[in-house]
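To keep things clear, I will list the structure first and then write my remarks on it.
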């Protein structure tokens, strides 16, 4: 990751964004088994960007929250204030997060290592 990304790590929370303060104008959430939050965030960010890069002024925001025996991924981002959002964009994001092939790829990449790091 280059220095152009803002990373905020707190107890049980990892946030990856291009701008601060981070804002979710569009978003979807999904639940995963325990895994490395930074690696999951990076993988999800790439696919969110690929999907929405044509949306003028869009910048991705990814939040990973660690829960009891699960990880909650909140993916989306922000657009310039007053920008028109395409109809169904949140549903499209939800579809992206529930895509089995993407989930498998993200999970493989972000699997907790043998030392239990998550």
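The values are calculated or read from the model by the stated rules, or taken from the named source; none is laboratory data. Worth saying up front: this structure is predicted, and the values here are computed from it rather than measured. All Cβ positions, glycine included, derive from the backbone under ideal geometry; neighbour counts span all protein chains shown.
Descriptive notes on the structure:
- Selection from the range 31-58 of residues that are crowded, with 18+ Cβ neighbours inside 10 Å and in a strand (DSSP E or B): 32, 35
- Listed by first and then second residue, the pairs linking a residue in the range 97-118 that is surrounded by fewer than 16 Cβ atoms within 10 Å (Cβ to Cβ) to a residue that is modelled with pLDDT under 65 and outside any loop (DSSP other than H, G, I, E, B), with Cβ atoms under 7 Å apart and 6 or more places separating them unless they lie on different chains, form an empty list.
- Here residue 90 fulfils each of the conditions (1) out of contact with any helix residue (DSSP H, G or I) (no Cβ under 8 Å at 6 or more places or on another chain); (2) assigned to a strand (DSSP E or B); (3) closer than 12 Å to residue 25 by Cβ apart from (2).
- Within the range 19-30, restricting attention to residues that are in contact with a strand residue (DSSP E or B) (Cβ under 6 Å, 6 or more places away or on another chain) and part of a loop (DSSP other than H, G, I, E, B), the residue that is surrounded by the fewest Cβ atoms within 10 Å (Cβ to Cβ) is 20.
- Any hit, the range 78-86, residues being buried (at least 16 other Cβ atoms within 10 Å of the Cβ) and either within 20 Å of residue 22 (Cα to Cα) or modelled with pLDDT of 95 or more (or both): yes
- Check on residue 60, touching a helix residue (DSSP H, G or I) at 6+ places or on another chain (Cβ under 9 Å) and within 26 Å of residue 21 (Cβ to Cβ): yes
Here is a yes/no grid of residues against (1) in contact with a strand residue (DSSP E or B) (Cβ under 6 Å, 6 or more places away or on another chain); (2) closer than 22 Å to residue 100 by Cβ:
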{"position": "15", "(1), (2)": "yes, no"}
{"position": "46", "(1), (2)": "no, yes"}
{"position": "49", "(1), (2)": "yes, yes"}
{"position": "53", "(1), (2)": "no, no"}
{"position": "59", "(1), (2)": "yes, no"}
{"position": "69", "(1), (2)": "no, yes"}
